[in-house]
Amino acid sequence: MRRTQAADPIQAIEATIVIRRPVRGIAANSGKTRAEIEQQLAADPADLAAVSDFAHSNGLSVIEESPEKRTVRVAGTVQHMSAAFGIQMWRFEGLGGEPFLSYDGPLTLPSSVSDVISAVLGLDQQPVAKPR
């Protein structure tokens, strides 16, 4: 793969922010219902609020919050995503000549959410499989 040009700053993209597992103690699951287990493993409401505040303060829209999945889906422009995560986004050309959007270097986060966020998915759009 090779980097071809800077990404269009006004291109709209989405990403999924994965929130850490709850820091509260997790008790044994024997005898609990599925709903009780899901509630026990769900994201802490304070963590969801911190990630949503982070997104809004960086010009991103929150599309969906899922405590059970521990995710916050966000949308915004390449410019806003780049600023939010401290990256430069680029257009790349893959092995088959297919263009895709990605970035160089590590993501960076402010201390207010660095311990809360486990992963950011969707900023690297390199194809991982080919249809047959």
Worksheet item: So how do 116-123, 15-22 stack up, highest first, on mean other-Cβ count within 10 Å?
Response: 15-22, 116-123
Fill in: Mean separation of Cα contacts under 8 Å, 6 or more apart, over the residue count of the chain: relative contact order %
35 percent
Worksheet item: Rounded to whole Å and sorted largest first, what semi-axes of the equivalent ellipsoid does the C-alpha gyration tensor of the chain yield via the square root of 5 times each eigenvalue?
Response: 32, 18, 12
Response to the item:
Quick note on Ser61, Ser111, ordering by fewest other C-beta atoms within 10 Å, gives Ser111, Ser61
Response to the item:
Final fewest-first order of Lys130, Lys69 on the 10 Å Cβ neighbour count is Lys130, Lys69
Practice prompt. Arrange the following residues from fewest to most other Cβ atoms within 10 Å of their Cβ: Ser66, Ser57.
Written response: Ser57, Ser66
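We did not get these values from a lab; they are worked out from the coordinates using the rules stated. Not measured: the values here are computed from a predicted model. A quick note on method: Cβ atoms are made from the backbone with ideal geometry, for glycine too, and the neighbour counts reach across all protein chains shown.
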